[in-house]
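Structure record follows, encoded as structure tokens.
Nothing in this text is a laboratory measurement; each read-out follows from the coordinates by a stated rule. Since the structure is predicted, the reported quantities are computational estimates derived from the model, not experimental observations. Methodologically, a virtual Cβ is constructed for each residue, glycine included, from the backbone with ideal geometry; neighbour enumeration extends over all protein chains shown.
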Amino acid sequence: MLTKQDNHLLTRTGPGTPMGELFRRYWIPALKSDEIQPDGKPQRVKLLGEELIAFRDTEGKVGLMEEACPHRGTSLYYGINDGCGLRCMYHGWKFDTNGDCTEIPSEEGDPKFRKKIKIKNYPVKEVKGMIWTYMGPEEEQPEFPEFYWMGLPDDYMMSERVWQECNYAQVMENDLDYVHAAFLHKAHGKQETGEGILSTDLGIDPNHPLVKNPPVKQDVEDANYGKRCVAVGIGNETENAFMEIHYIFPFYTYPPRFEGEDGMWHAFIPRDDYSTWSWDVQFSHTRPIDVQANHDRRGLKLDEHFKKQISLENDYAQDRELQKTGNFSGIRGIANQDHAATETMGAIVDRSKEHLGTSDLPIIHMRRLLLQQAKAFQEGQKPLALENESLKNLYSAGLYDSNEKSWEEAFPMQDQFKKKVQEVKS
């Protein structure tokens, strides 16, 4: 459990909050590249409590800026995107992708006035069909994170983003929770899946190590990217299943996967304190990914605003008969199952009322690291720096080995991921 004060520190990420200012020191996925077209309709994007607008200009450049026009606050979402700029519909003020004001029709005789006008904007970078941004001070901008899947061919990966109706922390905690898969994602019978596919939309096969091992033995290691969360369960008569989750500070994860299974990377970006942009990147290591099968197993059906059509409003389409005969939750879609568990906690769960057990060890470590870093940041210390030489080679790669071996013997951390120094004192 956390004190109410620490829960507040953990969950508030708007402008001026300690956690929010810390998060702004990292690169954030904002939207997908295909959401905006040259001279096309702008896209609203809310990040860390800030109302922003994204557009792609005539030359294909992307702008990400404050939604409110600096003249008198009219929304630029309704503006005209053409001629390498976005023009406000109210008085025709026009801005380029750098946030510079290029035209003020009513003030043509005073160019000095126009040059003083600049709208708040953020730098962007497009990688693998995703538009990323950095929202912190320009002089503190870190190098762009080069995750493993960014080095794969385009047809080896797929990405989705969804608006999730709760705070980022409980979404991310779910991803670090080994034991929930043995219940929430359990299918009652054998599941037939294609090559590399972890599950059907019904759930995970009951013989998979994630499902048949609810009392897994767990440990957590410090790593130069954050935390490596290890679990050991029964694999077969002679072997244990050794699993790993990578928590990459501050809001990225790799959930557990084994050799031959398609990988998964997540980012959990606060939309505001009460909702989250949950990003899924699924990838194959050796072949083009089966996009349809991976999309179907997740079960997400989204509207134009990336909100779920299967949601709390319709009880996540839960089928009580299915719950008896098909799976543990009565809900179809792995993502829908996760969202039902985390959203029904409420927008911000009161962690002062929790009763944590040994299976919650990774969650405890995640919270501790976030709070340590936020408090140290308040005192003027530098945030944890991510190392691209590690990120380029990092993904979840569980294995089977003799059940006579400890996890330290069978599944040691590779040297390149080991933490060299302690960034923040406990």
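Fewest neighbouring Cβ atoms within 10 Å first, the residues Cys84, Cys166 line up as Cys84, Cys166. Computed from label points 7 Å out along Cα-Cβ, the spacing between Val291 and Gln5 is 5.1 nm. Annotation for the range 160-216: trypsin sites (Lys or Arg not before Pro) lying in DSSP loop with at most 10 further Cβ atoms inside 10 Å of their Cβ are Lys190. Taken along its three principal axes, the alpha carbon spread of the range 260-306 comes to 38, 20, 13 Å, from the longest extent down to the shortest. The gain in end-to-end length when the Glu107 to Cys84 segment is fully stretched comes to 6.3 nm, 0.36 nm per residue minus the alpha carbon separation. As a proxy for reagent exposure, Lys353, Lys217 were ordered by neighbouring Cβ count within 10 angstrom, fewest first; the result is Lys353, Lys217.
Length gained on full extension, Glu408 to Asp155: 87.5 nm, using 0.36 nm per residue less the C-alpha separation.
Take the Cβ atoms of Asn393 and Ile234, set R0 to 25 Å, and the FRET efficiency comes out at 0.30. With the simple spin-label model, which puts each label point 7 Å out from Cα in the Cβ direction, the Glu59 to Asp34 separation comes to 2.7 nm.
When Met150, Met366 are ordered from fewest to most other Cβ atoms inside 10 Å of their Cβ, what list results?
Going from least to most buried by this count: Met150, Met366.
Model label points for Lys375 and Arg44, set 7 angstrom from Cα along the Cα-to-Cβ axis, are 3.8 nm apart. Extent of the range 50-163 along its three principal axes (Cα atoms, max minus min coordinate, largest first): 54, 30, 27 Å. Setting aside same-chain residues fewer than 8 positions from Lys419, which lysines have a Cα under 22 Å from its Cα? Those lysines meeting the cut-off are Lys227, Lys375, Lys382, Lys392.
Helices assigned as whole DSSP H runs in the chain whose Cα atoms extend at least 24 Å along their own long axis and whose mean Kyte-Doolittle hydropathy is -0.5 or higher are found at 361-378.
The reciprocal of the average 1/r between distinct C-alpha atoms defines the Kirkwood hydrodynamic radius, which for the chain equals 22.9 Å. You can think of it this way: the chain between Glu321 and Leu302 has 4.3 nm of extra reach, that is 0.36 nm per residue less the Cα-Cα gap.
Counting Lys +1, Arg +1, Asp -1, Glu -1, what net charge surrounds Leu322 among other residues with beta carbon under 12 Å of its beta carbon?
Residues near Leu322 contribute 0 overall.
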